[in-house]
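Shown next, in structure tokens, is the structure this report addresses.
The values are calculated or read from the model by the stated rules, or taken from the named source; none is laboratory data. What you see is a predicted model; the values in this text were computed from it and never measured. Here the Cβ positions follow ideal geometry from the backbone for every residue, glycine too, while neighbour counts run over all protein chains shown. Heads up: the accessible areas ignore ligands, DNA and RNA and are worked out on the full protein's heavy atoms, side chains in. Shrake-Rupley method; radii C 1.70, N 1.55, O 1.52, S 1.80 Å.
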Amino acid sequence: SSGTSVAATAPAPVGAPAPLTPVSKPNGGVILDVRRARQFAAGHARAAINVPVDGSQFPTRAAFVLDPDGRIILYGSSDEVERAARGLRAVGFLELGGYLADPDDTETLQPIDLDELEELLGSGRIQLLDVREKQERDDGYIPESRHIPYRRVRDFAGELGDDGPVATICQTGARASLAASILAAE
């Protein structure tokens, strides 16, 4: 040995997270609406992103679409907000901006059924985005659809143009709602 020594220091422990506090406005933050897709569609705050907290993939899906350095404001029931905060903190979103106490939930999305989708596709009055992952799409897809995985929708939002309404589809609806919320926010 050369006689030199190196001292290592342990990282500072992370303390308990600060309690979530109510906010009246997002003040530059992103509203993360963690309610179920149908509740979100029926009424949500302008520019809110919908990632339902129900389901095991919530933290991963949220991490794919949120800016880790951005201010995140949660919206949902108190139980949903608490579960969402735990999930977000587990994937590294340690500083949350609070929860929206009384949102202006006048924005809506319009779910459509398969018959209506078929009619709209046949008339060319709608753009259809398949937001599943490539391996899922490889198993089968609607020929008129364009493939953009939900986690990449924001990157391609500007390319969709004004060729009419956009419908998003996936296997269960959760990613379709998430993608639709991103497009509406953009």
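Remarks
- Simple rule: put +1 on each Lys or Arg Cβ and -1 on each Asp or Glu Cβ in the chain, find the dipole, and look at Ile49, Gly92, Leu120; the Cα lying farthest toward the positive end is Gly92.
- Segment 140-186: C-alpha pair distances exceeding 14 Å, %: 48 percent
- Convex hull volume of the C-alpha atoms in the chain, normalised per residue: 179 Å³.
- Per residue, in Å², the accessible surface of the chain once ligands and nucleic acids are set aside, probe 1.4 Å: 60 Å²
- The portion of the accessible surface of segment 71-167 made up by carbon and sulfur, rounded to a whole percent, is 44 (1.4 Å probe; DNA, RNA and ligands excluded).
- Mean shadow area of segment 88-171, taken as a quarter of the surface of its Cα convex hull (nm²): 8.4 nm²
- In Å², nearest 10: area of Ser123 left accessible to a 1.4 Å probe: 60 Å²
- Cα centroid of segment 146-183 to Cα centroid of segment 24-94, whole Å: 18 Å
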